1. Evaluate region B:285-301: report whether one residue or more is among the polar types (S, T, N, Q), closer than 29 Å to B:His399 by Cβ, in the same structural domain as B:Gln191 (by TED's automatic domain parsing) and touching a Lys or Arg at 6+ places or on another chain (Cβ under 7 Å).
2. Restricting to region A:183-196, what's the tally of residues that are closer than 21 Å to A:Arg364 by Cβ and at the interface with another protein chain (Cβ under 7 Å from one of its Cβ atoms)?
3. Regarding A:Arg427, is this residue basic (Lys, Arg), without any contact (Cβ under 8 Å) to a residue 60 or more places away in the chain and part of a loop (DSSP other than H, G, I, E, B)?
4. Which residues, taken from region B:415-434, are surrounded by 22 or more Cβ atoms within 10 Å (Cβ to Cβ), closer than 17 Å to B:Phe353 by Cα and out of contact with any strand residue (DSSP E or B) (no Cβ under 9 Å at 6 or more places or on another chain)?
5. Just checking, does region B:251-272 include any residue being surrounded by fewer than 20 Cβ atoms within 10 Å (Cβ to Cβ) and touching a Ser or Thr at 6+ places or on another chain (Cβ under 7 Å)?
6. For region B:379-402, give me each residue that is touching a residue at least 60 places away in the same chain (Cβ under 8 Å), away from every other protein chain (no Cβ under 13 Å) and farther than 21 Å from A:Leu127 by Cβ.
7. Determine, yes or no, whether A:Ala200 is free of Cβ contacts under 8 Å to residues at least 24 places away in the same chain and either in contact with a helix residue (DSSP H, G or I) (Cβ under 6 Å, 6 or more places away or on another chain) or of a type in the set (A, V, I, L, M) (or both).
8. Among (1) touching a Ser or Thr at 6+ places or on another chain (Cβ under 8 Å); (2) more than 18 Å from A:Leu177 (Cβ to Cβ); (3) part of a loop (DSSP other than H, G, I, E, B), which single condition is B:Arg220 missing?
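The values are calculated or read from the model by the stated rules, or taken from the named source; none is laboratory data. Note that this is a predicted model, so its numbers are computed, not measured. Backbone-built Cβ (ideal geometry, glycine too); neighbour counts: all protein chains shown.
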Protein chains: 2
Amino acid sequence: MTSNARPPRMLIGQLAPTCSGEVTLRGWVFRIRQLAKTTFIILRDCSGTAQCVVATEALRGVDIGVEDTVEVRGTIIQDARAPGGFEVLASAVIVLGAANRSLPFHANSDLSQVGIDAILEHRPLALRSELATDVFRVQAAILAEFRAFLARRHFTEIVTSKIVASGTEGGTNLFELKYFDRAAYLAQSPQFYKEQCVAAFERVFETGHVYRAEPHASSRHLTEYCSLDLELGFIDGPEEIIQLERELLTSIFEGLSLSCGSALSRRGVTLPSMLKVPTWEFQECLERLKLAHGRSDLYDDLDPEGERQLCALAEQETGVPAVFVIGFPLSARPFYSMPRGTAGAAQSFDLLFRGLEVTTGGQRLHTRSSLEAALAARRLDPLSFGPHLTMFELGMPPHGGLAIGLERLTAQVLGLANVREASLYPRDRYRIVP
Amino acid sequence: MTSNARPPRMLIGQLAPTCSGEVTLRGWVFRIRQLAKTTFIILRDCSGTAQCVVATEALRGVDIGVEDTVEVRGTIIQDARAPGGFEVLASAVIVLGAANRSLPFHANSDLSQVGIDAILEHRPLALRSELATDVFRVQAAILAEFRAFLARRHFTEIVTSKIVASGTEGGTNLFELKYFDRAAYLAQSPQFYKEQCVAAFERVFETGHVYRAEPHASSRHLTEYCSLDLELGFIDGPEEIIQLERELLTSIFEGLSLSCGSALSRRGVTLPSMLKVPTWEFQECLERLKLAHGRSDLYDDLDPEGERQLCALAEQETGVPAVFVIGFPLSARPFYSMPRGTAGAAQSFDLLFRGLEVTTGGQRLHTRSSLEAALAARRLDPLSFGPHLTMFELGMPPHGGLAIGLERLTAQVLGLANVREASLYPRDRYRIVP
């Protein structure tokens, strides 16, 4: 072996106290402590962290600091006191990429003292913090569990276009696009596409971006977010979709507890079984809010305070701070909503979880005549929904579905105060960089 | 049990010849054959098809046709001649959603006789054809296998914004958007974002849309496509990324053979191991094309004919019609490409598979000074890349990655002539509906 030859790089997660021979590791300097004789480096890679010990003398003339990317060559020695039961006795440390020595904070900094604006301004650096990394590892696990659960239930993943000729709900709050010599829009929802795909696949899901040109600057709104959409045919009613979501979220949370246990415990998060989340009628919710909080200001929708109050009431009754609210007024729901009874309610529901709406769903109209009547009642022009209406001549089953906001769900799972913290590159009224 | 009570619906895939008692099935009428005494219905749901037999007398006055959605109640009887070893002796057939009786084609039609325009015009109906359904089941499986392979290798899934303030490559072919009171653009690639995420997570992947405002109307281009992106840190060179893709594609193809075996065999498709796909230098490719085909018209890039010719040459040598081409001219690659040697080549590669480029990848520059020099050499303004350049002060590892076009890969796996056939709702120069 020449002096330049080295064993192939190993991931820290592949190491064990019993590894013999020389190893090559690569990663970031998470912490460094330089004593007269010995220098301790905590090295971090995508699979974990390891303590490396090197003679300070061997680093003479080498400038190594926190956040540098380095290669470490050494041997594994057992050490019961070290995390993992071993440390790396390093013979050489080589800097691969030096970090600026005046960064505003580090991966090992306490980011709770750093504001959301500074965090977004220094996104890649802030992401190195374990608390931030945790958020996106949990988010990735939610995505994986969502897809795995639905694949087990015969759902087919679909990828539908986000460039559309018109909106699904009449044309407000759309972002407009120059599409060569004409105008197009960014999709607010894959609703029509997933219904079309139900006509072919019966059960479909999509995890993709949707766009809302809403001029909100609240802690709960993004103009671009990832929507966990599903739609299925041959349902008996919206209660079947609600039950599916109970099982889906319970499965996701169980998966998170297994794959992200340490991330959850770092934040003191425990996740409930969602199987017992109750379903309350919308009118019943208004009565409960009146009774418990004297509220008489709500009539056709809930507000953020009402959502928090309902979750607290549900927690008192069931132990879980979540409730499905069903039977919203038809007038407050899209034209394709199925009526619930004859008193102007819709077969539409929201899931409120820990004080925030994280899901909207419902059963849809599935005959052309009922859709045409619904459009007429809202004074919408059936001609502009022509291609969509044609679909209902193909033999459509009774169907429905739901959409979960990924960033909102991530935020509620982890107890984040602002949905932006659950988006790598959030977009809002004022922000399109980084 | 009242006359309306019925057992809960079962999926056809859950049935077995030994099921006892009454069952309820729901699905589409795939075929129907009405004889004097007996009517045979092939029922299709998301899990399979089953033959249902009903007394023609029992259907008197009921209008049932192909593509209707129906509920069938009946009992299972063993029948060795039927697919699955059973058929359903139906006591009742109820139409849930009637189909128009003059549809242009049906799920059981031979779509090879129907043009791509008619297919896209009647997308939901065309999707019911098994050959079309196959395409998107294979596509869904590619997505699932791509993610599963990378998760096993410590890659973290990321979701990055598709609304950006400027392009990654200097601003051509961007779709422009009205973002409240300013202009924004649709992302051509998550390149900068995935590099930033490498700075935090080391290994990342994303499956998301990218946008190219290219006025092509060829069989290989879409203006919106799904990009299978990955990026990883601490690499030794682009050969490491190439080897990763060999293993990734081999794993995906093995997964497809297991989960989509019948879809593949319906099209006569067999998938090769990609482990032996060779890597040829770009200049070597030009020489091979000159030698084999007398071509002297190529100098800084390949063309579609060259891609087909190289795949044929690779197949002659290795048995697999695929080749990695490395060392494209730097001038033909983005500014962040790492040079390969000193003769003006880049550490950039393409994968050509069955005659078509399906992947672009490479190693990127990872120091601020080298990026600034590369920008200056191309007369690009470093100021407009300010936030991106700042990242290279955070301690960046040597890194690289690749992007696979999902629709192109699907098309090449299945031997489709037009990439549009592998997109549920393709977008091109002229098409934004449905």
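1. no
2. Of the residues in region A:183-196, 2 are closer than 21 Å to A:Arg364 by Cβ and at the interface with another protein chain (Cβ under 7 Å from one of its Cβ atoms).
3. The answer is no for A:Arg427.
4. B:Ala422
5. yes
6. B:Leu380, B:Leu402
7. Taking the combined requirement at face value, the residue satisfies it.
8. Result: B:Arg220 passes all but (1).
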